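Inspection log for the structure reproduced underneath, given as structure tokens.
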Amino acid sequence: MIAKNQKGSGSKNFTIVCGENIGLTPVLGWNSWNCWGLSVSDEKVKASAKVMFEKLADHGWSYINIDDGWEDKRNGEGEILPNKKFPDMKGLSDYVHALGLKIGIYSSPGTLTCGGYAASYQHEEQDARTYAQWGIDYLKYDWCSYSQVAPPNPSLEDYKKPYFVMRQALNKNNRDIIFSLCQYGMGDVWKWGAEVGGNSWRTTGDISDNWGSLSSIGFSQDKSSAFSKPGHFNDPDMLIVGKVGWGPGLHDTRLTPDEQYTHISLWSLLSAPLLIGCDLSQSDDFTLNLLSNDEVLAIDQDALGKQARKMLEKDNWQIWVKDLDDGTKAIGIFNLGDKAGRETFHFSEIQLPEHLKIRDVWRQKDLGIFSSSFSGPIPSHGVLLLKVKTVL
Ligand code: GAL
């Protein structure tokens, strides 16, 4: 594809893949939970959708996902009804689709969701039909009260069962619906999430907006790396940048700017779904810039769908390396320590060849050709995100 205007021209290769496997690259979207929690409403969803359309859609962002808090009771026929904060679910879905975006919803396999609302147990087919009628494109499916349905020490089959049931129910409708498993990694879900038809699966408990939570979740993802592939991704939970709050009152994320660069860099190296957790209608320029660096997003969206491996851990430093589709590699050098420092790494330590052409991805700047080693200053809790190409 070539585009031209008076400022010049640019070209990009597009690959079109058809078939049963959907969601070939990790979802780029927004989810209501980390900002609004159970206080989510139709207006709040529309406000973030509008900003995604205006400011982020051109960078590939496309899903607007409603988390827990939309449900009411079932009617006489057993159909799930939205509560009064969502007066017209089909209308909301039409609004989101008219912006060129997609819409997601949330439920649980037990009788109740984690927020205490009606969930899908024994209503799976009915709910899947309702979602399809509303035009839903994505379902996040939790665990919550399913522990009262499953036996006390669930076997692997018990863990898989509710997800099989719902995937099959979704498949009965003529609609592509992304299926996002949210059972916090139980039974090593990364080993079987794809088998039950999951497009992504949470590998951890809930994240919160502080360095302890971010770093303990983000840097412990090596275990699941072999299982990431197109259409099936590990999910270390949603983003905690911008204004978050898990309820009606929001606050600025407690992460420092450098911790936020680490967050987006690491999640991109992990091929994680990127689900923005802040109120987009209150987002500042820093947050929007963080979410619209195309070279960073391209690492997350790389067609190979591989997850980075932790190749080096030394003192407070970690180096993660991700193979990319064009034969280059993305590298994150992370300073987990409390002080700024300079890390020199030898290419042989992370199994790279002698001569490398190196690009700084956040700054979108070529740094030159380096032989044997590279050294860069990195702030406390910060990152250098590089793209490297072998020079023969
Ligand atoms: C949790 C889940 C959160 C959110 C919440 C809703 O189990 O991990 O991401 O969906 O339920 O009640």
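The values are calculated or read from the model by the stated rules, or taken from the named source; none is laboratory data. Only a predicted model underlies this, so the values are computations on that prediction, with no experimental measurement involved. No Cβ is skipped: glycine too gets one built from the backbone with ideal geometry, and neighbour counts run over all protein chains shown. These area figures cover heavy atoms from the full protein model, side chains too; ligands, DNA and RNA do not enter into them. Shrake-Rupley method; radii C 1.70, N 1.55, O 1.52, S 1.80 Å.
Structure data summary
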{"read-out": "So D209, is it at positive phi, assigned to a loop (DSSP other than H, G, I, E, B) and of a type in the set (D, E)", "value": "no"}
{"read-out": "Among residues of region 138-153, those that are assigned to a helix (DSSP H, G or I) and within 13 Å of the ligand (Cβ to nearest atom), counted", "value": "4"}
{"read-out": "Test: residue in region 243-257 that is within 24 Å of V189 (Cβ to Cβ) and either crowded, with 23+ Cβ neighbours inside 10 Å or not assigned by TED's automatic domain parsing to the domain that holds A340 (or both)", "value": "yes"}
{"read-out": "Tally, over region 100-120, of residues that are open to solvent by 10 Å² or more (accessible area, probe 1.4 Å) and within 11 Å of the ligand (Cβ to nearest atom)", "value": "5"}
{"read-out": "Any chance I80 is aliphatic (A, V, I, L, M) and in contact with a Lys or Arg (Cβ under 6 Å, 6 or more places away or on another chain)", "value": "yes"}
{"read-out": "Residues satisfying the stated conditions in region 356-374, i.e. more than 29 Å from the chain's Cα centre (by Cα) and under 22 Å from E295 (Cβ atoms)", "value": "L356, K357, L367, G368, I369, F370, F374"}
{"read-out": "Odd one out for G247, checked against (1) more than 16 Å from the chain's Cα centre (by Cα); (2) more than 16 Å from the ligand (Cβ to nearest atom); (3) modelled with pLDDT of 95 or more", "value": "(2)"}
{"read-out": "Per-region count, region 57-79, residues exposed (fewer than 13 other Cβ atoms within 10 Å of the Cβ) and either assigned to a loop (DSSP other than H, G, I, E, B) or modelled with pLDDT under 95 (or both)", "value": "5"}
{"read-out": "Selection status of Q168, away from the ligand (no atom under 16 Å from the Cβ), assigned by TED's automatic domain parsing to the domain that holds L81, open to solvent by 30 Å² or more (accessible area, probe 1.4 Å) and in a helix (DSSP H, G or I)", "value": "yes"}
{"read-out": "Qualifying position, being open to solvent by 20 Å² or more (accessible area, probe 1.4 Å) and not in a strand (DSSP E or B), among L304, L297", "value": "L304"}
